[in-house]
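Colleague: This is the structure I have questions about; it appears just below.
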Amino acid sequence: KCLLIKTAPEHALFATIDLTDFYLGDSLPGPQYIKISVNHYDTSLLQSLNLLSYVQTDKKGTKFIYFKIIKTMYGLPSPGKLSRDRLAAHLLTAGYYETSTPGYFHHAHRRLPFCLVVDVFGICYHRLEDLNHLVDTLSTIYHGKVHPTGTKFLGLTVDYNGTARTITLAYPNF
């Protein structure tokens, strides 16, 4: 909310970036393991995936496979923190630092404040060159969808009228 309020009086522009697969692929500090039941999978499928040799049976007769997890994935408790820490460290290498407000970042020399909520950025920018700098920084390790005129942010519809310096927020279907 503060970022949006800042945008209008400064005659700035508002952009958003959605990172895709933000929680996937970061290295875990150590391996984790998951036990997946395969009772409901056809033997021919397991064979085609070369998994038959890994099938075990527990005391209740349930067939399962143990999988070793070495990279972050959905469903684990730690990917959020690990992914966020990796992102913050990466941003710092390009001059972006987190303020005392968690999730609110500034650049050391550019007028480019932004907030990060999970994997979505809301960005107040004055020059396209600055927005492109952030996009280039992120794109070295992430894929994302960039919206230079951010009209959707965290489920809200953002209607920014730069001439009147007003921002109207709507939450459709609420």
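The values are calculated or read from the model by the stated rules, or taken from the named source; none is laboratory data. Not measured: the values here are computed from a predicted model. So basically every Cβ, Gly included, is an ideal-geometry build from the backbone, and we count neighbours across all protein chains shown. Ligands, DNA and RNA are stripped out before the accessible areas are found, and what is left, the full protein with its side chains, is counted by its heavy atoms. Shrake-Rupley method; radii C 1.70, N 1.55, O 1.52, S 1.80 Å.
Colleague: Classify region 71-172 as rounded, prolate or oblate, taking a ≥ b ≥ c as the square roots of the eigenvalues of its Cα gyration tensor: rounded when a/c is under 1.5, otherwise prolate if a/b is larger than b/c and oblate if not.
Modeller: Working: a/c = 1.99, a/b = 1.34, b/c = 1.49.
Because a/c hits 1.5 or more and a/b fails to exceed b/c, region 71-172 counts as oblate.
Colleague: A follow-up question, please. Just reorder Leu45, Leu156 by solvent-accessible area, largest first, 1.4 Å probe, all chains present.
Modeller: Working: Leu45 75, Leu156 50 Å².
In descending accessible area the options line up as Leu45, Leu156.
Colleague: Per residue, how large is the accessible surface of the chain? Use a 1.4 angstrom probe and give square angstrom. All intermediate terms of the calculation are to be shown ahead of the outcome.
Modeller: Numbers: 10930 Å² over 174 residues.
That works out to 63 Å² per residue.
Colleague: Between Pro113, Pro102, Pro148, where does the largest GNM mean-square fluctuation fall for the chain, given springs only between Cα atoms within less than 10 Å?
Modeller: Pro102
Colleague: Rounded to the nearest 10 Å², what accessible area does Asp42 show when all protein chains are kept and the probe is 1.4 Å?
Modeller: 90 Å²
Colleague: Let me ask something additional. Of all accessible surface on region 1-147 at a 1.4 Å probe, what whole percent is carbon and sulfur? Could you put the intermediate results ahead of the total?
Modeller: Values: 5060 of 8870 Å².
Summing carbon and sulfur atoms, their accessible area is 57 percent of the total for region 1-147.
Colleague: Normalised by the residues of the chain, what does the relative contact order come to in percent, with Cα pairs under 8 Å and at least six apart?
Modeller: 32 percent
Colleague: Restrict the search to region 83-112; then list the chymotrypsin sites (Phe, Trp or Tyr not before Pro) that DSSP places in a loop and that have at most 11 other Cβ atoms within 10 Å of their Cβ.
Modeller: Working: sites: Tyr96, Tyr97, Tyr104, Phe105; in loops: none.
Filter output for region 83-112: empty list.
Colleague: Another question, then. Pick from Ala164, Ala89, Ala12 the residue whose mean-square fluctuation is largest in a GNM of the chain, springs joining Cα atoms under 10 Å.
Modeller: The residue with the greatest mean-square fluctuation here is Ala164.
Colleague: For region 1-81, what is Rg from Cα atoms divided by 2.2 N^0.38 Å, rounded to two decimals? Each step should come with its number before you reach the end.
Modeller: Working: Rg = 21.9 Å, N = 81, 2.2 N^0.38 = 11.7 Å.
That ratio works out to 1.87.
Colleague: Pick from Phe67, Phe153, Phe14 the residue whose mean-square fluctuation is largest in a GNM of the chain, springs joining Cα atoms under 10 Å.
Modeller: Highest fluctuation among the options: Phe67.
Colleague: Hey, another quick one. Using the Karplus curve 6.51 cos²θ - 1.76 cosθ + 1.60 with θ = phi - 60°, what ³J(HN,Hα) values do you get for each residue of region 122-139, in whole Hz, with x for Gly and Pro?
Modeller: Rounded to whole hertz, the list is x, 10, 9, 9, 10, 10, 4, 4, 5, 4, 4, 4, 5, 4, 4, 4, 5, 6.
Colleague: If the reach is capped at under 13 angstrom between alpha carbons, list the aspartates and glutamates near Lys81, excluding any in the same chain fewer than eight residues apart.
Modeller: The reachable aspartates and glutamates, counting only those whose Cα sits under 13 Å from Lys81, are Asp26, Asp119.
Colleague: Still on this structure, please answer the following. With each run of n ≥ 4 DSSP H residues scored as -39500 (n - 2.57), what mean residue ellipticity at 222 nm is computed for the chain after dividing by its residue count and rounding to the nearest 500 deg cm²/dmol?
Modeller: Details: 4 runs with 39 residues, N = 174.
After summing the helix terms and dividing by the residues of the chain, the value is -6500 deg cm²/dmol.
Colleague: Can you list the HN-Hα couplings for region 51-58, worked out from phi with the Karplus curve (6.51, -1.76, 1.60; θ = phi - 60°), rounded to whole Hz and with x for Gly and Pro?
Modeller: Running phi through 6.51 cos²θ - 1.76 cosθ + 1.60 with θ = phi - 60° gives 10, 4, 5, 9, 6, 10, 10, 8 Hz.
Colleague: If you consider only alpha-carbon coordinates, what radius of gyration and Dmax does the chain have, in Å?
Modeller: For the chain, the Cα-based Rg and Dmax read 21.9, 71 Å.
Colleague: Sorted by accessible area with a 1.4 angstrom probe, largest first, how do Arg111, Arg84 fall? Intermediate values should be presented prior to the final figure.
Modeller: On the way: Arg111 135, Arg84 75 Å².
Final ranking, largest accessible area leading: Arg111, Arg84.
Colleague: What is the Cα centroid distance between region 76-98 and region 114-168, reported in whole angstrom?
Modeller: Their Cα centres are 18 Å away from one another.
Colleague: Give me the lysines in straight-line cross-link reach of Lys59: C-alpha distance below 25 Å, same-chain residues under 8 apart excluded.
Modeller: Cα-Cα hits under 25 Å: Lys35, Lys68.
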